[in-house]
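Peer 1: Below is one structure. I have some questions about it.
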Amino acid sequence: MRTIKGPGIFLAQFAGDTPPFDTVAGLAGWASSLGYQGVQVPTGPTGLLDLEKAADSVDYAQEFAGTLAENGVAVTELSTHLQGQLVAVHPAYDTLFDGFAPPQVRGRPDARRDWAVNQLMLAARVSRNLGLTAHATFSGALAWPYMYPWPQRPAGLVEEAFAELGRRWRPILDAFDAAGVDLCFELHPGEDLFDGATFERFLDVVDHHPRAAILYDPSHFVLQQLDYLDFIDRYHSRIRAFHVKDAEFRPDGRAGVYGGYLPWVERPGRFRSLGDGQVDFGAIFAKLAQYDYPGWAVLEWECALKHPEDGAREGAPFIRDHIIRVTERAFDDFAASGVDTARNRALLGLS
């Protein structure tokens with residue numbers, strides 16, 4: 001059994017225009033000063049890492065990792081959440097998601113998708129060049145506008161959406177397989193992969209691809225009212241990345257799971273900083289340790305109330321205190337009496 005690595009922190013919500021958040025070295029030093037040992041690096045518009053250059057140059061990739069190491073942290077995973085979203089976009093969301101893409105492909109859905117797929121292909125190579133074993137992304141969505149079955153969905157609509165999703169992601173999964181990296185989909189409302197049932201559908205259309213994995217984030221399951229502990233029991237063999245993010249769900253007679261179009265701070269289900277929500281992280285870390293989860297525990301800070309720097313400062317000790325250093329021997333080894341086959345057969349009443 002392995003001890004979970006961490007604490008780590010996802011940099012997407014912290015990269016900015018002012019020091020120390022405006023450079024890779026500054027972010028790494030800041031994270032290290034708070035007690036983080038690793039950083040999950042977004043590869044979208046933050047500009048922290050040039051994917052094309054890092055895919056073609058092992059030296060550049062290693063220089064990037066070296067800058068982080070000099071400032072006290074390692075790379076946990078790369079993230080292509082924004083690019084993964086653009087692999088599959090329903091036309092209803094074309095305008096909203098154009099902002100995730102560079103200007104030259106905006107307003108051109110096919111060109112935008114080609115750009116996104118190429119970004120994923122590059123990320124597979126960069127992950128290999130960095131010696132990583134997991135990668136974080138979104139699946140995108142074609143069926144999401146039809147999530148609620150009214151009006152009634154025509155027969156075969158969902159099946160065709162997932163068949164197309166599988167066609168788009170299969171070559172990307174193969175590229176990650178060639179790189180020796182697990183592709184971890186964050187199961188998230190707004191994506192076609194948002195719970196266990198949809199992930200199973202996806203596995204079916206990609207022939208249960210060995211690199212199709214899960215980024216486990218219990219906060220999204222709290223907001224869906226899904227049993228996030230039973231989820232681990234069911235899908236632990238596919239969980240290869242972990243966002244440590246808290247949430248709360250407090251419905252009333254006015255609004256529930258769907259949120260009533262309310263702003264985040266007023267929704268019954270909302271994200272909270274670690275320790276301020278309802279997620280039972282003690283049970284989660286225990287289950288992940290039980291199932292020998294091989295990766296990092298990475299803070300993703302999103303909170304409707306608390307300042308991000310306070311959430312980050314509190315997050316490192318919270319994660320560190322929840323990581324279970326797994327035992328190397330059974331607690332009752334002191335009472336072991338050795339193996340004696342004849343005695344065991346006698347105890348069982350066997351000749």
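The values are calculated or read from the model by the stated rules, or taken from the named source; none is laboratory data. A quick note: this is a predicted structure, and the numbers were derived from the prediction, not measured. Cβ atoms come from the backbone with ideal geometry, glycine included; neighbour counts cover every protein chain shown. SASA here: full protein model, heavy atoms, side chains in, ligands and nucleic acids out. Shrake-Rupley method; radii C 1.70, N 1.55, O 1.52, S 1.80 Å.
Peer 1: Work through the residues other than Gly84 whose Cβ is under 12 Å from its Cβ and net out their charges, Lys, Arg +1 and Asp, Glu -1.
Peer 2: -1
Peer 1: Probe of 1.4 angstrom, ligands and nucleic acids ignored: what's the accessible area per residue over region 5-348, in square angstrom?
Peer 2: That works out to 47 Å² for each residue.
Peer 1: Round to the nearest 0.05 the FRET efficiency obtained for Tyr148 and Ser351 when R0 = 45 Å and r is the Cβ-Cβ distance.
Peer 2: 0.10
Peer 1: Here's another thing I want to ask about it. Relative to the first principal axis of the alpha-carbon coordinates of the chain, what is the inclination of helix 24-33, with its axis defined by its Cα atoms, in degrees from 0 to 90 and to the nearest 10?
Peer 2: 40 degrees
Peer 1: Quick check: the angle from helix 109-129's long axis to the longest principal axis of the chain, C-alpha only, nearest 10 degrees?
Peer 2: On a 0 to 90 degree scale, this one is about 40.
Peer 1: Any idea what angle helix 308-322 forms with the longest principal axis of the chain, computed on alpha-carbon atoms, 0 to 90 degrees, nearest 10?
Peer 2: Helix 308-322 sits at roughly 20 degrees to that axis.
Peer 1: Using the Cα gyration tensor of region 50-130, with a ≥ b ≥ c the square roots of its eigenvalues, what is the shape: rounded (a/c below 1.5), prolate (a/b larger than b/c) or oblate (neither)?
Peer 2: Because a/c hits 1.5 or more and a/b exceeds b/c, region 50-130 counts as prolate.
Peer 1: Next question. In a shell of Cβ-Cβ distance under 14 Å around Arg106, excluding Arg106 itself, what net charge do Lys and Arg (+1) and Asp and Glu (-1) give?
Peer 2: Net charge in that neighbourhood comes out at -1.
Peer 1: Stretched out fully, how many nm does the piece from Thr23 to Tyr291 gain, at 0.36 nm a residue minus the Cα gap?
Peer 2: 92.8 nm
Peer 1: Take the solvent-accessible surface of the protein heavy atoms, probe 1.4 Å, and return the percent of it on the chain that carbon and sulfur atoms account for.
Peer 2: About 52 percent, which is the carbon plus sulfur part of the accessible surface.
Peer 1: Quick one: grab the alpha carbon gyration tensor of region 74-214, order the square roots of its eigenvalues as a ≥ b ≥ c, and give me rounded if a/c is under 1.5, else prolate or oblate depending on whether a/b is larger than b/c.
Peer 2: Oblate, since a/c reaches 1.5 and b/c is not below a/b.
Peer 1: Taking 0.36 nm per residue of sequence separation and subtracting the Cα-Cα distance, how much length would be gained by fully extending the chain between Asp276 and Asp174, in nm to one decimal?
Peer 2: Extra length from Asp276 to Asp174 when fully extended: 32.7 nm.
Peer 1: Where in region 101-129 does the label zone of Asp207 land, with the point 7 angstrom along Cα→C-beta and an amide N cut-off under 14 Å?
Peer 2: The answer is none.
Peer 1: Under a 1.4 angstrom probe, counting protein chains only, how are Asp17, Asp217, Asp310 ranked by accessible area, largest first?
Peer 2: Asp17, Asp310, Asp217
Peer 1: Just one of (i) 123; (ii) 151; (iii) 204 is volume of the Cα convex hull per residue in Å³ as worked out from the coordinates here. Which one is it?
Peer 2: Step by step, volume of the Cα convex hull per residue in Å³ for this structure corresponds to label (iii).
Peer 1: What percent do you get for the relative contact order of the chain when only Cα pairs under 8 Å and 6+ apart count?
Peer 2: Averaging sequence separation for qualifying contacts and normalising by length gives 19 percent for the chain.
Peer 1: Let me ask another. If DNA, RNA and ligands are ignored and the probe is 1.4 Å, what is the ranking of Val339, Val265 by accessible area, most exposed first?
Peer 2: Most to least solvent-accessible, the answer reads Val339, Val265.
Peer 1: Same structure again: Can you sort Glu160, Glu77 by 1.4 Å-probe accessible area, starting with the largest?
Peer 2: From most accessible down to least: Glu160, Glu77.
Peer 1: With just the Cα atoms defining each centre, how far is region 102-144 from region 15-86? Give it in Å.
Peer 2: Using only Cα atoms, the two centres lie 17 Å from each other.
Peer 1: State the extension gain, in nm to one decimal, for the chain segment bounded by Gln62 and Arg167, taking 0.36 nm per residue of separation less the distance between their alpha-carbons.
Peer 2: Fully extending the segment from Gln62 to Arg167 adds 34.5 nm.
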